[in-house]
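Inspection log for the structure reproduced underneath, given as structure tokens.
No value in this document is a laboratory result; all are computed from the given coordinates. Only a predicted model underlies this, so the values are computations on that prediction, with no experimental measurement involved. All Cβ positions, glycine included, derive from the backbone under ideal geometry; neighbour counts span all protein chains shown.
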Amino acid sequence: MDRKKIILVFGTRPEAIKMAPVYFELQKNSHIYDVKVCLTGQHRTMLEQVMDFFKIPTDFDLSLMKENQSLSDLSASVLTEFSKIIVSEKPDMVLVHGDTTTSSMATLAAYYHKIKIGHVEAGLRTHNKYSPFPEEINRQITGRIADYHFSPTSLAEDNLLSEGIEKNKILVTGNTVIDALHWTVDLIENNSYEDDEIRKVSKIIQADKKLILVTGHRRENFGDGFLNICNAMKALAETHPEIQIIYPVHLNPNVKKPVYEILKDIYNIHLIAPINYPAFVFLMNKSHIILTDSGGVQEEGPSLGKPVLVMRENTERPEAVDAGTVKLVGTNSNSIISSVEELLTDDKLYTQMSTAINPYGDGLASKKIVEFIKDNFKKN
Ligand code: UD1
Ligand code: UDP
């Protein structure tokens, strides 16, 4: 029997983490699917870290990353270069993830060649086109074009329904990040698992201090936002010797510059390079509070029972905010400082926010996605 060819295309760290479980689930069906992986290489080091950990073989690597790349250059090259893969490989379906430039431009390339498109993590919205920027519009573009929509929650499904997407083209699956997280937690809890990066970060942790884990990279926070975030970290570290801040700094130069300028050489702040996924999961588990503007971390923190303070003005992931385990604190320094201090001093609030809840699924999202594809996607 002719196998259907499915190309998974992704290019950044979070897409790779969230597509890894989908890849493995599809591979279980390799008798019916010829599964290929195309990396755009929108990220380089941070993508390699994920590919090395999950050991996903790469069929095509477009290696597109450039230092401090612009959105338009990157978009143009994803569109052009992924189109060439489509022309040479003639896939039956392309699977994209989320809201990156890789996903929206790969979607457009597939559409131009009339290839079926499945969108994983579909339907999240803020309805504010500049926040998250450019992700809100990237995700809307993909949502408008895709043939199949895999939504993590029923709220995301509702967003798509209100945009006129047919219900039978949408499946609520949970978020595949929970599949990846469960898999990784199980692995690192296994006594025989050894990882150099976990060993390295363990050495940084000071057992007598409360660990605050920080990440940040959003474009809408560049400039004043990052200055405010860094000044808040500095003030917190100086006034609270009982805390330790560990911050794996994103490689975007617009992030690295202010972060290293303001936060280097503070004894209870540890700036480190991005770490691999198991080491980051290990650190999340050890942390007292997580401060972030990341999408994925907003989903992982709640399911690990960690209070997450989100340094953004709005979020396309309101489920955990509604459940009370995530709080939006914006990027005003005073608001960040007071929200952290509240959690450091108010035990009742801390307990409330650290009750593990998981609005993002049961760890079976990728299985549901693949079952749906098997049931619904028939070759013409
Ligand atoms: C991108 C995505 C964002 C996602 C984030 C995850 C877009 C527009 N942005 O943002 O949605 O949340 O990834 O992290 O799709 N860099 C390196 N090495 C790396 C990765 C990045 O040096 O491994 C530097 C490069 O200078 C690169 C810059 O970071 O040009 C920006 O990368 P880019 O992918 O354009 O944007 P991110 O801010 O990473
Ligand atoms: N992460 C990681 N190493 C790090 C920081 C984060 O593996 O040093 C993981 C994190 O667990 C989450 C994902 O990267 O799954 C989030 O990526 P990022 O914040 O870059 O992107 P976003 O989710 O905001 O799109």
Test each condition in (1) on the phi < 0 side of the Ramachandran plot; (2) among the small types (Gly, Ala, Ser); (3) touching a residue at least 12 places away in the same chain (Cβ under 8 Å) for Gly330 and report the one that comes out false.
(1)
Residue under question is Asp347, and the condition is that it be without any contact (Cβ under 8 Å) to a residue 40 or more places away in the chain, under 30 Å from Val94 (Cα atoms) and not basic (Lys, Arg); does it hold?
no
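Would you pick out the residues in region 120-140 that are in contact with a Leu (Cβ under 8 Å, 6 or more places away or on another chain) and away from ligand 2 (no atom under 14 Å from the Cβ)?
Step one: of region 120-140, the residues in contact with a Leu (Cβ under 8 Å, 6 or more places away or on another chain) are 120, 122-123, 134, 139.
Answer for region 120-140, where residues must be in contact with a Leu (Cβ under 8 Å, 6 or more places away or on another chain) and away from ligand 2 (no atom under 14 Å from the Cβ): Ala122, Gly123.
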With respect to the numbered conditions (1) out of contact with any Asp or Glu (no Cβ under 6 Å at 6 or more places or on another chain); (2) over 21 Å from Leu343 (Cβ atoms), which one is the sole condition not fulfilled by Asn231?
(2)
Sole exception among (1) outside any loop (DSSP other than H, G, I, E, B); (2) closer than 28 Å to Gly363 by Cβ; (3) charged (D, E, K, R) for Lys203, by number:
(2)
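What are the residues in region 43-56 that are in contact (Cβ under 8 Å) with a residue 24 or more places away in the chain and either near ligand 1 (Cβ under 9 Å from one of its atoms) or within 27 Å of Arg3 (Cα to Cα) (or both), if any?
Narrowing region 43-56 to residues in contact (Cβ under 8 Å) with a residue 24 or more places away in the chain: 43, 45-47, 49-54, 56.
Hits for region 43-56 are His43, Thr45, Met46, Leu47, Gln49, Met51, Phe54, Ile56.
Kindly provide the set of residues from region 246-262 that are of a type in the set (Ser, Thr, Tyr) and surrounded by fewer than 16 Cβ atoms within 10 Å (Cβ to Cβ), ordered by number. Outline the logic, then answer.
Just the residues of region 246-262 that are of a type in the set (Ser, Thr, Tyr), to begin with: 247, 260.
The answer is Tyr260, and nothing else.
Please determine, by comparing only the residues of region 147-167 that are among the polar types (S, T, N, Q) and touching a residue at least 12 places away in the same chain (Cβ under 8 Å), which one is nearest to Asp92 (Cα to Cα). Break it down stepwise before answering.
Looking only at region 147-167, we keep the residues that are among the polar types (S, T, N, Q), and these are 151, 153-154, 159, 162.
Filter again for touching a residue at least 12 places away in the same chain (Cβ under 8 Å), leaving 151, 153-154, 159.
Working: Ser151: 21, Thr153: 27, Ser154: 28, Asn159: 27 Å.
Of everything passing the filter in region 147-167, Ser151 is nearest to Asp92 (Cα to Cα).
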Based on this model, can you work out whether Met19 counts as within 16 Å of ligand 2 (Cβ to nearest atom) and surrounded by fewer than 21 Cβ atoms within 10 Å (Cβ to Cβ)?
no
Among the residues in region 173-184, are any without any contact (Cβ under 8 Å) to a residue 60 or more places away in the chain, surrounded by fewer than 22 Cβ atoms within 10 Å (Cβ to Cβ) and under 24 Å from Ile246 (Cβ atoms)?
no
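Among residues belonging to region 196-245 that are surrounded by 15 or more Cβ atoms within 10 Å (Cβ to Cβ) and out of contact with any helix residue (DSSP H, G or I) (no Cβ under 9 Å at 6 or more places or on another chain), point out the one that is farthest from Lys286 (Cα to Cα). Step through it out loud before you land on a result.
Here is the first cut: in region 196-245, the ones surrounded by 15 or more Cβ atoms within 10 Å (Cβ to Cβ) are 197-198, 201, 205, 209-222, 225-237, 240, 243-245.
Narrowing the set further to residues that are out of contact with any helix residue (DSSP H, G or I) (no Cβ under 9 Å at 6 or more places or on another chain) leaves 209, 220, 225.
On the way: Lys209: 11, Glu220: 29, Gly225: 27 Å.
Applying the filter and picking the extreme gives Glu220.
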Residues to consider are Leu124, Leu171; find the one that is in contact with a strand residue (DSSP E or B) (Cβ under 6 Å, 6 or more places away or on another chain) and closer than 23 Å to Asp322 by Cα.
Leu171
Region 52-73, residues that are outside any loop (DSSP other than H, G, I, E, B), of a type in the set (Asp, Glu) and over 20 Å from Ile275 (Cα atoms):
Asp61, Asp73
Given (1) assigned to a helix (DSSP H, G or I); (2) within 20 Å of Ala237 (Cα to Cα), Asp375 misses just (2)
Over region 1-37, the set of residues in contact with a Pro (Cβ under 7 Å, 6 or more places away or on another chain) and within 15 Å of Ser366 (Cβ to Cβ) is Ile6, Val37
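Conditions tested, residue by residue: (1) within 24 Å of Leu251 (Cα to Cα); (2) more than 16 Å from ligand 1 (Cβ to nearest atom); (3) touching a Ser or Thr at 6+ places or on another chain (Cβ under 8 Å); (4) in a strand (DSSP E or B).
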residue: Ala16; (1), (2), (3), (4): yes, no, no, no
residue: Glu25; (1), (2), (3), (4): no, yes, yes, no
residue: Val35; (1), (2), (3), (4): no, yes, no, yes
residue: Gly41; (1), (2), (3), (4): yes, no, yes, no
residue: Ser75; (1), (2), (3), (4): yes, no, yes, no
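Would you point out the residue of region 147-177, among those that are among the β-branched types (Val, Ile, Thr) and not in a helix (DSSP H, G or I), that is nearest to ligand 1 (Cβ to nearest atom)?
Start the filter on region 147-177 by keeping residues that are among the β-branched types (Val, Ile, Thr), which leaves 153, 165, 170, 172-173, 176-177.
Narrowing the set further to residues that are not in a helix (DSSP H, G or I) leaves 153, 165, 170, 172-173.
Working: Thr153: 19, Ile165: 22, Ile170: 22, Val172: 23, Thr173: 20 Å.
Among them, the one singled out is Thr153.
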